[in-house]
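The values are calculated or read from the model by the stated rules, or taken from the named source; none is laboratory data. Treat the numbers as computed from the prediction; the structure is a model and nothing was measured. Cβ atoms come from the backbone with ideal geometry, glycine included; neighbour counts cover every protein chain shown.
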Amino acid sequence: MRSELASKEAAVERVNFLLESGTERILLGIMGKPGSGKSTFTKYLKNKSNRDLVSIVPMDGFHLSNRILKELGRSDRKGAPDTFDVEGFVALLRRIRSETESDIYYPVFNRSMEESIAAQGVITPKTRLVIVEGNYLLHDQSGWEQVRELLHETWMIDIDNDKRIARLISRHVSFGRDPESAKLWAKGSDEANANLIEGSAHKADFIVRSD
């Protein structure tokens, strides 16, 4: 990693710098392991900057549906790289970069339903900075390698692993899993994905420490 944004304040300063750096629409990638707090952090960045010029696009909207995952035999690995529509995600990023004069709609993942809802989010022509949030923004296989070239910068959130896993377990329980299955999923499928993400973390432009 080339540098470190040691505080949230420094991260906000960087966002404001990107907003003021020119007329081109900027795509900023925020990546991290499951439970690292990506959604909370990206919302913080938006709220602390000129929120009218900032939009957030989560990669999770491109989860394959539960029906498709079952047909493919991948339900027990939901969240792995091959359980997303990576080509659809890449196509959206290309549109966001090139189509700056029209509204662009995108799907959003609903955790309570465990499914994505089409056209739930929108990028408008006034959007200057798009924060792209997801696990595999720097993954370099199976089509994911196309993502990196579409992002102007990518940041990696770094957090204590014990805290991250405890947060994951609590989240799974809050969405209906019993404590034991929540623990098994967090330390099984989620942790396998976390190790994969760790393998590409060195490619990030900045590391952001999270508490």
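Data table
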{"item": "The lone exception for residue 24 - which of (1) within 23 Å of residue 201 (Cα to Cα); (2) not in a strand (DSSP E or B) it fails", "result": "(1)"}
{"item": "Residues located in the stretch 49-91, provided they are part of a helix (DSSP H, G or I) and of a type in the set (Val, Ile, Thr)", "result": "68, 83, 86, 90"}
{"item": "Matching residues in the stretch 159-211 - criterion: being under 17 Å from the mean Cα position of the chain (by Cα), in a helix (DSSP H, G or I) and among the acidic types (Asp, Glu)", "result": "190, 191, 198"}
{"item": "Top-ranked residue in the stretch 11-62 [being within 23 Å of residue 189 (Cβ to Cβ) and free of Cβ contacts under 8 Å to residues at least 60 places away in the same chain; ranked as surrounded by the most Cβ atoms within 10 Å (Cβ to Cβ)]", "result": "62"}
{"item": "Residue within the stretch 141-155 that is of a type in the set (Asp, Glu) and touching a Phe, Trp or Tyr at 6+ places or on another chain (Cβ under 8 Å) present", "result": "yes"}
{"item": "Matching residues, the stretch 86-97, being within 30 Å of residue 177 (Cα to Cα) and more than 14 Å from the chain's Cα centre (by Cα)", "result": "88"}
{"item": "Any chance residue 149 is under 15 Å from the mean Cα position of the chain (by Cα), within 20 Å of residue 207 (Cα to Cα) and acidic (Asp, Glu)", "result": "no"}
{"item": "When residues of the stretch 1-23 are limited to those that are out of contact with any Lys or Arg (no Cβ under 6 Å at 6 or more places or on another chain) and among the β-branched types (Val, Ile, Thr), the one modelled with the lowest pLDDT", "result": "23"}
{"item": "Only listed residue being surrounded by 15 or more Cβ atoms within 10 Å (Cβ to Cβ) and over 16 Å from residue 81 (Cα atoms), chosen from 147, 173", "result": "173"}
{"item": "From 77, 67, residue being within 16 Å of residue 116 (Cβ to Cβ) and either surrounded by fewer than 20 Cβ atoms within 10 Å (Cβ to Cβ) or touching a Ser or Thr at 6+ places or on another chain (Cβ under 9 Å) (or both)", "result": "67"}
{"item": "When residues of the stretch 98-120 are limited to those that are touching a residue at least 24 places away in the same chain (Cβ under 8 Å) and over 17 Å from the mean Cα position of the chain (by Cα), the one surrounded by the fewest Cβ atoms within 10 Å (Cβ to Cβ)", "result": "101"}
{"item": "Complete set of residues in the stretch 94-146 that are assigned to a loop (DSSP other than H, G, I, E, B) and within 15 Å of residue 24 (Cβ to Cβ)", "result": "99, 100, 101, 125, 126, 127, 128"}
